[in-house]
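**Q** Let me give you the structure first, and then I'll get to my questions.
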Amino acid sequence: MTSPLPSAPAEHVERALCVLAHPDDVDFGSAGTVASWTSAGTEVTYLIVTDGDAGGFDDTPRDQMGPLRQAEQRAAAAAVGVTDVRFLGYPDGRLELTLDLRRDISRVIRQVRPQRVLTSSPERFWERIGASHPDHMTVGESTLRAVYPDARNPFAFPELLADEGLEAWTVAEVWLGASPRADHAVDVTEFVDRKMTALRSHVSQVGHMAELDEFVGAWMKQNARTHGLPEGRFAETFHVVHTV
């Protein structure tokens, strides 16, 4: 008989990996949560699949946008205690569910050996269609496939073991952001300032948003109310999937 899956996420993990499509994705949805993890001693790594070169709102030359957004993401990461930021360099806006992408995410899972992976939901959120960018959904599905079965199966992508010496690794839980079935709220009230500092680091994306704090704050307060937190609290929400 198999043991039942846990009913709640682990209180603390040693290592976490955040896999997102674009620079700023992790900051809009999860930077407060990440700050709470790093403050508790968790080592967090960011894996950003694209450089975000199709983003921006001004006339920045396209060949400059990718390096600019990488720099912005590293600054944002530092604001919440993350120093390990990696980029895969896939084309922004053109992600597809491929074996190459699964392999590349699996490689980093085996390198980092996280107990927890945070990524975007692969499900379309019909009530918040803006959360369901095709790149987000593709990265979420690719990451889930990398977590199970690829990264834990020593016979999947055998070159990772044979050529790079990367042993199989089992991730215990996956946190899905922007999910239509969020079941876990993180009270990030004490980390809101750090989250907003991280978000404001993405000048190329939010520099024109005069009401950024109000917009993001209202959304986080609504998250808190929906999940039963006291009035005035701020929360980020996830669908937590246990895999072992």
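**Q** Under the rule of at least 5 residues apart or a separate chain, name every residue whose amide H is placed under 5 Å from the amide H of Glu236.
**A** Val186, Val188
**Q** Related question: Measure off 7 Å from each Cα along the Cα-to-Cβ vector at Phe155 and Asp213, then give the distance between these two points in nanometres to one decimal.
**A** 5.7 nm
**Q** Roughly what % of DSSP beta bridges within the chain run antiparallel, to the nearest 5? If you can, show how the numbers build up before the last one.
**A** Working: 9 of 29 bridges.
Bridges in the chain that DSSP calls antiparallel: roughly 30 percent.
**Q** Using Cα pairs closer than 8 Å and at least 6 residues apart in sequence, work out the relative contact order for the stretch 15-113, in percent.
**A** Averaging sequence separation for qualifying contacts and normalising by length gives 33 percent for the stretch 15-113.
**Q** Restricting attention to the stretch 121-213, which GluC sites (Glu not before Pro) occupy a DSSP loop and are surrounded by at most 13 other Cβ atoms within 10 Å?
**A** Details: sites: Glu123, Glu127, Glu141, Glu159, Glu164, Glu167, Glu173, Glu190, Glu211; in loops: Glu123, Glu164, Glu167, Glu211.
Of the GluC sites (Glu not before Pro), the ones in loops of the stretch 121-213 whose Cβ has at most 13 other Cβ atoms within 10 Å are Glu164, Glu167, Glu211.
**Q** In whole Hz and in residue order, list the ³J(HN,Hα) couplings for the stretch 114-130 that follow from phi through the Karplus curve 6.51 cos²θ - 1.76 cosθ + 1.60, θ = phi - 60°; x for Gly and Pro.
**A** With coefficients 6.51, -1.76 and 1.60, one gets x, 7, 9, 10, 10, 8, 8, 5, x, 8, 6, 9, 5, 7, 9, 4, x Hz.
**Q** Near Val203, within a Cβ-to-Cβ distance under 12 Å, what is the net charge of the other residues, with Lys and Arg +1 and Asp and Glu -1? Before the final figure, lay out each step's value.
**A** Numbers: positive: Arg69, Arg200; negative: Asp24, Asp58, Glu72.
Local net charge: -1.
**Q** Further question on the same structure: Report the Cα centroid-to-centroid distance between the stretch 211-244 and the stretch 47-111 in angstrom, as an integer.
**A** Going from one Cα centre to the other spans 25 Å.
**Q** Next question. Tell me which residues come under 5 Å, amide H to amide H, from Phe125 once H is placed; ignore anything under 5 positions away on its chain.
**A** Here the answer is Ser132, since their amide H atoms fall under 5 Å of that of Phe125.
**Q** On to the next question. Quote the charge dipole size of the chain about the Cα centre in Debye, to the nearest 20; the model charges only the Cβ of Lys and Arg (+1) and of Asp and Glu (-1).
**A** Roughly 480 debye, rounded to the nearest 20.
**Q** Something else: What GluC sites (Glu not before Pro) does the stretch 31-97 have in DSSP loop regions with at most 13 other beta carbons within 10 Å?
**A** Answer by residue number: Glu96.
**Q** Once phi is turned into ³J(HN,Hα) by the Karplus curve 6.51 cos²θ - 1.76 cosθ + 1.60 with θ = phi - 60°, what whole-Hz value does each residue of the stretch 227-244 show in order, with x for glycine and proline?
**A** Each residue's phi maps through the Karplus curve to give 9, x, 7, x, 4, x, 8, 10, 9, 10, 10, 8, 9, 9, 10, 8, 10, 9 Hz.
**Q** Here's another thing I want to ask about it. Which residues' amide hydrogens lie under 5 Å from the amide hydrogen of Thr45, considering only partners 5 or more residues apart or on another chain, with H built in the peptide plane?
**A** The answer is Ala16, Leu17, Cys18.
**Q** Using just the helices of the chain, give the 222 nm mean residue ellipticity in deg cm²/dmol: DSSP H runs with n ≥ 4 each add -39,500 (n - 2.57), and the total is spread over all residues, rounded to 500.
**A** Dividing the helical sum by the residues of the chain leaves -11500 deg cm²/dmol.
**Q** Still on this structure, I have one more. Here are some values of Rg/Rh (Cα atoms, Kirkwood Rh): (1) 1.03; (2) 0.95; (3) 0.98. Which one was computed from this structure?
**A** The listed entry that was calculated here is (2).
**Q** Write out the trypsin sites (Lys or Arg not before Pro) in the stretch 24-108 meeting two conditions: DSSP loop, and at most 13 other Cβ atoms within 10 Å of their Cβ.
**A** Details: sites: Arg62, Arg69, Arg74, Arg86, Arg94, Arg102, Arg103, Arg107; in loops: Arg94.
Taking the stretch 24-108 and a limit of 13 other Cβ atoms within 10 Å, the loop trypsin sites (Lys or Arg not before Pro) found are Arg94.
**Q** How much FRET efficiency would the formula 1/(1 + (r/R0)^6) give for Glu11 and Ala162, where r is the Cβ-Cβ distance and R0 is 30 Å, rounded to 0.05? Show your work: numbers first, answer last.
**A** Values: r = 37 Å, r/R0 = 1.24.
So the FRET efficiency works out to roughly 0.20.
None of the figures in this text is laboratory data; all of them are computed from the coordinates on show. What you are looking at is a predicted structure, and each value in this text was computed from that prediction instead of being measured. Quick reminder, even Gly has a Cβ in these numbers, built from the backbone with ideal geometry, and neighbours come from all protein chains shown.
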